[in-house]
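A quick write-up on the structure given underneath.
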Amino acid sequence: MSLMEAVMRRLGIPALVVLAASITGTPGDEGRVPISQPTTITKSGSYLLTRDISVASGNLITIQASDVTLDLNGKALQIVATSDVLIALGSGASRLRVKNGRLIGGASGVATIAGAGPISLEASGLVLLNQSSDAIGTSLAGDVSVTDCVFRRTGNSGVAVSALPSDPDSAVRVADNVFSDIQNRSIIVSNARTVAILHNVSSETVNGIQISYNGFAAPGGSDIVQGNTLEERTAVATPGDGIDIFFVSGSRRTALVLDNVVSGFTRGMLLAGDGFRVAGNLVHRGATTGGATGDGVVLSSNSQSLIEDNQIQGNAGCGIVLNSTTLGNAYRNNMLRGNTGGAVCNTGSGNTDAGGNIL
Amino acid sequence: MAASTRSLPTLFVLLMAAGHTLLADEGRIPIFQPTTITSTGSYVVTRDITVASGNVITIQASYVTLDLNGKTLTIQSTVPEDTVIGIGPGASNLRVRNGRVVGGWRGVANLLGGALGVLEVSKVSFSGHGADAIRFQSADAVTVSECRFRKVGNSGVSIQSAALSSAAHIVGNDFSDVDNRAITLTNVRSVEVLNNVISNANTGIETVYVSPPLVPGGSSLIQGNVIEAGSDIALPADGILVYASVGAQLQAALVLDNVVSGFAPGIEVHSGQGARISGNVVHRGVSTGLSNGDGILVFSGAQTLVEGNEVQGNAGCGLVFNAGTNANAYRNNMLRGNGGGAVCNTGVGTTDAGGNIL
């Protein structure tokens with residue numbers, strides 16, 4: 001008689017009851033499937049990490065199913081090597097939610113891998129540390145949300161989202177994240193139709209935020225970049241751009257850039273496209289480098305953009321630059337003192353000083 | 001054999017209880033008594049814990065998640081240095097959430113210096129501390145969100161750093177009855193303080209940038225906060241203070257859309273360069289003997305823009321540009337009903353850019 005059998009007999013508990021208790025341990029996990037070792041998820045469902053997992057190399061969790069929720073349960077996944085992906089999104093992965101834990105090391109924290117199709121991803125409450133490449137990187141993105149995460153010591157970009165070309169549904173929201181010590185861009189989004197980048201704070205980043213559109217995206221396109229605070233990376237000789245948005249001229253795409261604090265970049269803002277409204281921002285400490293003069297806000301090839309109510313001061317170059325290929329833009333009510341290259345450097349055509357600028 | 005058999009029911013119960021705990025905790029390590037955490041992992045508090053003095057939980061490991069699980073950790077005294085959740089040597093990259101922290105000298109604080117990495121505190125209610133509720137020194141990346149602070153003997157959130165990569169995100173917290181500063185951030189390079197509600201505090205929000213160490217830049221966004229001074233405090237100080245010492249004058253801040261009531265002064269920019277103060281309501285500034293009760297005070301520094309604010313009903317001036325200021329500007333402010341006058345300007349090159357309502 002086994003020990004357990006003796007116990008059951010003494011207490012009058014049938015073996016079936018004990019077995020049932022064991023099985024109903026899973027409902028103790030609220031019906032979620034526990035993960036306690038490197039795993040490939042091939043079925044839809046809700047998964048729960050039940051212990052820290054560390055591997056020397058290799059992708060740690062691979063998702064190859066749709067409609068998967070992965071709760072890291074406050075635990076940590078770690079790859080010691082600087083290659084491979086902690087949570088790899090592979091073939092068949094879509095409509096995914098990853099939340100609540102730490103991702104340490106590896107090349108990427110959450111990223112698409114070869115064979116991945118269109119991805120819908122929601123990442124929240126994550127801490128991503130010491131990735132050698134992008135902390136979160138998705139290609140063929142449909143809609144992506146990254147919120148309430150912390151990125152630290154990232155070898156390339158913090159959030160790198162490349163949307164599915166020509167997908168009219170693509171939408172990206174990156175909000176309320178903290179970025180610290182980023183060796184390329186804190187946030188880069190390519191070809192997404194609708195983008196909101198809100199209230200992120202970033203310190204020691206080579207480039208701040210980049211949104212690009214290379215002509216393959218769906219018609220239109222709208223972006224809002226608001227309330228972000230960006231400090232440049234001092235450890236490099238050539239810091240990049242604070243906010244860099246470029247669209248193919250005539251794409252009918254536009255952006256609101258509001259209430260951001262941008263400090264110490266080669267160009268505080270570098271904007272190419274049509275119909276931007278750039279308002280309420282603080283852009284300062286623009287730094288001269290070999291390739292740029294440390295301007296505040298630069299319109300490189302825009303038309304019909306409006307720059308108003310910004311505080312642009314203390315830059316090594318010009319406060320506002322309207323390049324020779326710009327046309328029909330306007331600026332007003334900006335505070336433009338203390339810019340070494342001058343308040344406004346305008347070589348464009350038909351740009352309007354609409355008054356109220358403080359020089 | 002008989003003795004062994006008698007012990008079996010107890011053993012069974014223990015086995016079942018242990019098994020149940022592990023399942024209910026989803027793999028987390030339970031804490032039910034004063035504890036020193038020395039291993040990385042995810043911990044869950046499974047019952048309220050009260051001590052007369054000393055720390056309740058001390059963390060001496062990195063990558064620790066501590067879920068308070070809605071429970072309460074209490075130190076019954078407020079003896080100096082006793083900390084409810086103390087961060088000891090070797091600890092970094094910590095997450096604390098979801099419960100109550102009561103009493104003691106401090107709520108969550110590091111006990112010694114050393115780089116702390118990523119620190120996250122969310123959904124924790126703090127009350128009855130003798131000094132700071134949260135105090136992090138040598139902080140790198142910090143988030144404090146959806147917490148409540150009540151009856152705090154010094155500051156609600158106190159964060160210090162000198163790291164180039166330091167950043168803080170203080171969002172959506174409630175503060176009530178704070179004897180010193182609700183939020184104070186020293187030498188944190190990138191800061192966002194958003195949508196906090198502060199009632200009955202000596203000082204509302206303070207970002208300080210001092211040298212040494214001289215970390216280049218320094219940027220802050222302070223937006224959407226509602227701040228009321230302490231009604232029982234004889235000498236309320238600043239509602240919002242953006243301070244840089246001489247030699248660290250490249251700090252700048254956006255101060256937008258805050259409501260500041262009853263301080264002396266309401267908003268102050270001290271040194272620094274190029275703040276933009278816009279869209280705020282600043283009222284009920286009080287004269288304290290140390291301060292005239294001004295609305296917005298540009299104490300020193302250059303190229304600050306004050307626009308579109310509602311600054312009214314202050315005991316002192318609506319806007320003040322001190323003698324040490326240079327090349328600042330103001331416009332489109334509503335400046336009626338300020339006892340000391342609408343604008344008190346003794347600075348150099350200050351520009352009235354028009355549109356002010358006097």
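The values are calculated or read from the model by the stated rules, or taken from the named source; none is laboratory data. Because the structure is predicted, anything quoted here is derived from the model rather than measured. We place every Cβ from the backbone using ideal geometry, glycine too, and count neighbours over all the protein chains shown.
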* **Residues (touching a Gly at 6+ places or on another chain (Cβ under 7 Å), under 19 Å from B:Ala244 (Cβ atoms), within 14 Å of chain A (Cβ to nearest Cβ) and surrounded by fewer than 21 Cβ atoms within 10 Å (Cβ to Cβ)) located in the range B:194-215** => B:Leu214
* Listed residues B:Val269, B:Val286, B:Val255; which is modelled with pLDDT of 95 or more and either outside any loop (DSSP other than H, G, I, E, B) or farther than 18 Å from B:Leu358 by Cβ (or both)? -> B:Val255
* Name the strands (runs of 3 or more DSSP E) wholly inside the range A:46-112 in which the number of residues that are surrounded by fewer than 19 Cβ atoms within 10 Å (Cβ to Cβ) is 1 or more. => A:53-55, A:66-71, A:94-105
* **Scope the range A:140-184; condition of a type in the set (Gly, Ala, Ser), buried (at least 24 other Cβ atoms within 10 Å of the Cβ) and over 12 Å from the mean Cα position of the chain (by Cα); matching residues** => A:Ala141, A:Ala163, A:Ser170, A:Ser180
* Among the numbered criteria (1) part of a loop (DSSP other than H, G, I, E, B); (2) surrounded by fewer than 22 Cβ atoms within 10 Å (Cβ to Cβ); (3) more than 10 Å from chain A (Cβ to nearest Cβ), which single criterion is violated by B:Asn314? -> (2)
* Before we move on, is B:Gly218 crowded, with 21+ Cβ neighbours inside 10 Å, touching a Phe, Trp or Tyr at 6+ places or on another chain (Cβ under 6 Å) and within 9 Å of chain A (Cβ to nearest Cβ)? -> yes
* Keeping to the range B:112-152, report how many residues are of a type outside the set (Lys, Arg), on the phi > 0 side of the Ramachandran plot and not in a loop (DSSP other than H, G, I, E, B). => 1
* Could you tell me whether any residue of the range A:347-354 is part of a strand (DSSP E or B), farther than 18 Å from B:Pro216 by Cβ and of a type in the set (A, V, I, L, M)? => no
* Asked: Does any residue in the range B:175-193 that is away from chain A (no Cβ under 14 Å) and closer than 18 Å to B:Ser122 by Cα come within less than 6 Å, Cβ to Cβ, of a residue that is among the aromatic types (Phe, Trp, Tyr) and surrounded by fewer than 24 Cβ atoms within 10 Å (Cβ to Cβ) six or more places away or on a different chain, and which pairs are these?
  -> none
* Identify, please: which residue in the range A:322-359 is touching a Gly at 6+ places or on another chain (Cβ under 7 Å) and of a type in the set (A, V, I, L, M, F, W, C) and is, among those, farthest from the other protein chains (Cβ to nearest Cβ)? -> A:Leu327
